[in-house]
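Notes for the one structure printed next.
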Amino acid sequence: MFECRAFFLQKLLLWGLPISIGRVIQHVVQFSMFLGVFIAIFRNDWFVTQNLSLGMTACTLFFKMHSYTSVNIALREEYLSSKKNKGGIYPSNITLWDFVRFMFLPTFVYRPKFELSSRLRIFYLVIKFFMFMFLFISSYQVVNKSIIGHAMQYGRGEITFFQMYLMNVIPTIIAILMLIMVIFDSFCTFVAETTGYPDRQFYEDFWNATTMNEFLSKMNTLIPNFLRYHVTVSYTHLRAHETDSYLVCRLLLEKKKKKKK
């Protein structure tokens, strides 16, 4: 329930907490989460799978907490500067249901209004479930039988490090591709269907990538979208304004253009 602190922070802002103090609390809470994860990993003798799972969970919560807090703080600043316009989305969107719904949606970018679908395709869910199980079991077998098996052979002195490296190249590539499909083609689409989230493009044609940067950007669309909205935009000049269906965040370059002119 650590992520609920982002929701409680918004409630404190509604009750009169200054935005400057709210931003400090935001970064302290997010830093303390990662600090707790690192302490838990180093103090407990866990396997690599448990450590990776905890680290991925912490990163997911960070993305969602940061997006929820940053977007709502931007909305609050516009709400206060516009003399508390009653026709806007904020602060009616600060509800527990809105926060819980966002935490379950397969996206890292928060919007006050999500256009969710009420249609639920059972056959689609069944296909994605069996695809998830098949890919997960197959990737587990590749990692356990090939990659870990070759590493154990190297540990016993049966093969050299160079031999282990060559024998693990192909299995590692196969395991990575399977894990990508497990997460972004099976799990994310399954969650999107159950929650009514309309977007299904969680990856692009990464198999046609010619560079590592292109591969990483097309491997999934969740993290690039987060970076586009909350790194490229937020740390230069951020403005949030409303449309009929969702919040649009964009760069304001008008002042810079005027100065150049």
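The values are calculated or read from the model by the stated rules, or taken from the named source; none is laboratory data. Small disclaimer: the values here were computed from a predicted structure and weren't measured. Quick reminder, even Gly has a Cβ in these numbers, built from the backbone with ideal geometry, and neighbours come from all protein chains shown. Areas reflect the complete protein model, heavy atoms only, side chains present, ligands, DNA and RNA absent. Shrake-Rupley method; radii C 1.70, N 1.55, O 1.52, S 1.80 Å.
Kindly indicate which of Val28, Val100, Val37, Val24 is assigned to a helix (DSSP H, G or I), surrounded by 14 or more Cβ atoms within 10 Å (Cβ to Cβ) and not aromatic (Phe, Trp, Tyr).
Going through Val28, Val100, Val37, Val24 in turn, just one is assigned to a helix (DSSP H, G or I), surrounded by 14 or more Cβ atoms within 10 Å (Cβ to Cβ) and not aromatic (Phe, Trp, Tyr): Val37.
Which of (1) surrounded by 12 or more Cβ atoms within 10 Å (Cβ to Cβ); (2) within 28 Å of Phe190 (Cα to Cα); (3) out of contact with any strand residue (DSSP E or B) (no Cβ under 8 Å at 6 or more places or on another chain) is the odd one out, the single condition Tyr79 does not satisfy?
(2)
Could you pull out the residue among Ile183, Ile170, Ile174, Ile223 that is open to solvent by 30 Å² or more (accessible area, probe 1.4 Å) and touching a helix residue (DSSP H, G or I) at 6+ places or on another chain (Cβ under 7 Å)?
Among Ile183, Ile170, Ile174, Ile223, only Ile174 is open to solvent by 30 Å² or more (accessible area, probe 1.4 Å) and touching a helix residue (DSSP H, G or I) at 6+ places or on another chain (Cβ under 7 Å).
To keep it simple, each residue is scored yes or no on (1) under 25 Å from the mean Cα position of the chain (by Cα); (2) at pLDDT 85 or above.
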{"position": "His150", "(1), (2)": "no, yes"}
{"position": "Ile170", "(1), (2)": "no, yes"}
{"position": "Ile176", "(1), (2)": "yes, yes"}
{"position": "Ser217", "(1), (2)": "yes, no"}
{"position": "Leu253", "(1), (2)": "no, no"}
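Could you name every one of the helices (runs of 4 or more DSSP H) located completely within region 107-212 that has at least 2 residues being more than 30 Å from Phe7 (Cβ to Cβ)?
Result: 122-141, 148-155, 161-180.
What are the pairs, 6+ residues apart or on separate chains, where a residue within region 104-120 that is among the small types (Gly, Ala, Ser) has its Cβ under 7 Å from a residue that is assigned to a loop (DSSP other than H, G, I, E, B) and open to solvent by 60 Å² or more (accessible area, probe 1.4 Å)?
Cβ pairs passing all conditions: Ser117/Pro198.
Could you pull out the residue among Asn72, Asn93 that is outside any helix (DSSP H, G or I), open to solvent by less than 90 Å² (accessible area, probe 1.4 Å) and closer than 24 Å to Pro18 by Cβ?
Asn93
Of Lys11, Lys64, which residue is out of contact with any Pro (no Cβ under 9 Å at 6 or more places or on another chain) and buried (at least 19 other Cβ atoms within 10 Å of the Cβ)?
Lys64
Checking the condition touching a Cys at 6+ places or on another chain (Cβ under 9 Å) and either open to solvent by less than 50 Å² (accessible area, probe 1.4 Å) or modelled with pLDDT of 90 or more (or both), which residue from Phe130, Phe202 passes?
Going through Phe130, Phe202 in turn, just one is touching a Cys at 6+ places or on another chain (Cβ under 9 Å) and either open to solvent by less than 50 Å² (accessible area, probe 1.4 Å) or modelled with pLDDT of 90 or more (or both): Phe202.
Please give the number of the condition His230 fails out of (1) assigned to a loop (DSSP other than H, G, I, E, B); (2) open to solvent by less than 90 Å² (accessible area, probe 1.4 Å); (3) at pLDDT below 85.
(1)
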